[in-house]
Each structure stands twice: as C-alpha cells, then as structure tokens.
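The values are calculated or read from the model by the stated rules, or taken from the named source; none is laboratory data. As the structure is a prediction and not an experimental result, all values here were calculated from the model. Quick reminder, even Gly has a Cβ in these numbers, built from the backbone with ideal geometry, and neighbours come from all protein chains shown.
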Amino acid sequence: MNYKIVRLNTASTKNIESTILIIYTGGTLGMAYDHTGALVPFNFGQILDKIPAITSLNIAITVISFPEPIDSSNINIQHWKDIAYIIYENYDSYDGFLVLHGTDTMAYSASMLSYILEGLNKPVIFTGAQLPISAMRSDARENLMTALEIATAKVNGVPVVPEVCIFFNHMLLRGNRSKKVQSVHFDAFESENYPVLAEAGIIIDYNKNVIMPYKPSNQLRYNSAIDTNVVILKLFPGISKHMIESVFKINGLRGVVLETYGSGNSPSEKWFIETLEEAIDNGLIIFNVSQCNGGRVIQGRYETSRDLLRIGVLSGGDITSEAAVTKLMFLLGQEKDPEEVKRRLSIPLAGEMTMIKS
C-alpha cells in the first residue's frame, strides 16, 4: 500500500532518548474538525501544534498512516497482517510501537497481533479516543501522550511493557484480555479476568508482577497464516436445532466459538448434545467461552456442561470472545493437524488465558 510517512523529532536536544513508530489506521483519535465542522483525517505533521507537550518526551517519532483511514468496523484480516508486518519490518529500528485504532474492534486487533507477532519483546500499544483530537474535551491527547510514555518506558535499557497492550482512560490492559464495554463513556475498555498492567495518575504505576517478562533470547517471528472459516455462536433461551444445524452446515466451516451461559453451561436436551457431537465427529472444532465478562468456563462443574466435556467441546477457560475467535482463526491457519489446533487452543499462546488445569 501507498503509506503516508511523517517523521518528527520532538527532542529539545540532539540526544534522542527513544524512537517510536506510530501506525495510524484510522479511528476517532486521528480525526479533526475542519472549517465547515466536518470530521476529516488529522494531519500528523501538525501534531506538535495540537499536543505541544510531546516535545517534553525527547523522542523521535515516525508516523505511518494507512492511505485511507479505516473505520474500525471495517477492519479485516489484511489490515491485521499489514499492521503486524509494518512492526515486523521496522522492529529493529524503533524502541516501541503505537497503533492508533478505532475502539470498536480494537480488542480483536490487539488479540490477533499478540498471536501473529510471536516472540515480541518490545511494547506495542494500541490506543484511540472517544472524541476527536480537536474536540475541547477530547480524551485523545491524554491517551496519546501516556501511551507514548509507556511505549518508551525502560529500566536499565529493558522495556517495561514488552507485549501488546491497550491503553485507554488511564488504564493499561493486556490487549488479548481486553473488551470494549462502553460506547459513550471514556472508560471504554475493561479486563475482568486479568489485572490492570498499569494505572496512570500523577505517576504511571506499573503492576510489574503481571506484565509479560522481557526475554533477551526472543526472536520476533511474523506468523501471518490465518483461516477465517470460523463463527461465534451465542446461545440463548429458545435457540432451535434448525438454527444450530444451519450454522454448522456453513460451507468450509472449521471452527466455532460457542458462547455459553455462566461457567460454560448449555442446554442439556438430547437433540442439542447430539447435534454438537455429530459436528465434532465430522471434524468441527468447538471452543466454549462464557457470555459473562468475568469468570471462566469450568466444563463439568454443573450437569449442564458435563456432556460438553464428554463429547469433546474444548474449554476456553477465562479467555474473552475476542481473543478466542482470533486465536481460533490463527491456529487454523498455522496448524494442519486438527489435534495440534485443539492442543494449542487449550494453552496460553500470549497470555490470553490462564492455563487450564487437567
């Protein structure tokens, strides 16, 4: 693609402390009001005029913008590959990476990048905004400034946060543990099943015990094979056999994220279990996740989930739906052996779930 590139030196001296690559994909943060009052893409060459405080960070910034800003509702597989490849190609040239992204699918994108970028040892921070950068009460400035500070944070030359994260509204969250939960408030994201990695107040307070450890021997790998032949099937009272069978009969379907109730419970009617069992026998992989924002799937805890365990439905533990569906797409693209896909679904690849005890 014909990317737009802007280079900025915010350093007040020649001794640049850090280098950052910002990837602007689209979203509210990168929009501004023009003279007619319409929202148009922001010119990042003027970012120092909009946010002069950036000069205090003493960093060199390169901004790579997608040719046309993408509403995050239109994010697709190729965009994920493009973002990851930009990071992979520029990995040795920058200390950290910032991805400016719309909020609607940010958790999906952050989850997928945590899988594609295997062996990541530098910060990749996703952020965005609920209001455009030119709006008087915009959250864009605070989110961008703090995300930049986190992406450049080091202790003894080692990055403090060497993983894919989302920073939003003073909170740093593991990307593949996050969900969007608000559309009109600034606290748009939460991570119910994993602690906050850092909280930005007067200082940035890092919870170092839960941050992915830096591994000096890591080598970054770009694993781009993805299979999109998956669906999310959310259970609800009154769902019929015909509905479920119509989903399972989708041509080319290889995997299903099954959103069940509570701790992994589902209807116990004979027709339901037999329909799932037949699909599994025919090679379909079914991954059980909870509809709840918090908690975890514990198959077999109640009678209503015991049959799921028996017929071979895989437990997703405390994984989010966003991390589950992207993980399923990723593993189906990476592995030819279905048994290896199943094995790797049940273990954490990038901190997206707690190890399930057998």
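Details
- Meets criteria (of a type outside the set (Phe, Trp, Tyr), closer than 18 Å to Val196 by Cα, surrounded by fewer than 24 Cβ atoms within 10 Å (Cβ to Cβ) and out of contact with any Lys or Arg (no Cβ under 9 Å at 6 or more places or on another chain)) for Asn169: yes
- Only listed residue being surrounded by fewer than 13 Cβ atoms within 10 Å (Cβ to Cβ) and part of a loop (DSSP other than H, G, I, E, B), chosen from Ser246, Ser217: Ser217
- Listed by position, the helices (runs of 4 or more DSSP H) contained in segment 289-358 that have at least 2 residues being in the same structural domain as Leu113 (by TED's automatic domain parsing), surrounded by 19 or more Cβ atoms within 10 Å (Cβ to Cβ) and modelled with pLDDT under 95 form an empty set.
- Taking the criterion of being β-branched (Val, Ile, Thr) and more than 15 Å from Leu309 (Cβ to Cβ), the residues of segment 249-284 that qualify are Ile250, Val256, Val257, Thr275.
- Selection count, segment 172-186, where residues are among the hydrophobic types (A, V, I, L, M, F, W, C) and over 15 Å from the mean Cα position of the chain (by Cα): 2
- Subset tally (residues that are out of contact with any Lys or Arg (no Cβ under 9 Å at 6 or more places or on another chain) and assigned to a strand (DSSP E or B)) for segment 110-154: 5
- Here Ile211 passes the criteria (1) at pLDDT below 95; (2) of a type in the set (Val, Ile, Thr); (3) surrounded by 17 or more Cβ atoms within 10 Å (Cβ to Cβ) except the one numbered (1).
- Filter result (of a type in the set (Val, Ile, Thr), within 29 Å of Val297 (Cβ to Cβ) and either outside any loop (DSSP other than H, G, I, E, B) or out of contact with any strand residue (DSSP E or B) (no Cβ under 8 Å at 6 or more places or on another chain) (or both)) within segment 187-210: Val210
- Residue check for Ser266: surrounded by 17 or more Cβ atoms within 10 Å (Cβ to Cβ) and over 22 Å from Leu113 (Cβ atoms): yes
- Of the residues in segment 48-59, at least one is of a type outside the set (S, T, N, Q), surrounded by 18 or more Cβ atoms within 10 Å (Cβ to Cβ) and at pLDDT 85 or above.
- Pairs meeting the criteria (first residue in segment 188-204 and under 15 Å from Thr127 (Cα atoms) and in the same structural domain as Met145 (by TED's automatic domain parsing), second residue at pLDDT below 95 and among the β-branched types (Val, Ile, Thr), beta carbons under 6 Å, at least 6 apart or on different chains) are Ala188/Thr103; Glu190/Val181; Ala200/Thr146.
- Verdict on Phe248 being without any contact (Cβ under 8 Å) to a residue 12 or more places away in the chain, within 20 Å of Gly316 (Cα to Cα) and not assigned by TED's automatic domain parsing to the domain that holds Asn176: no
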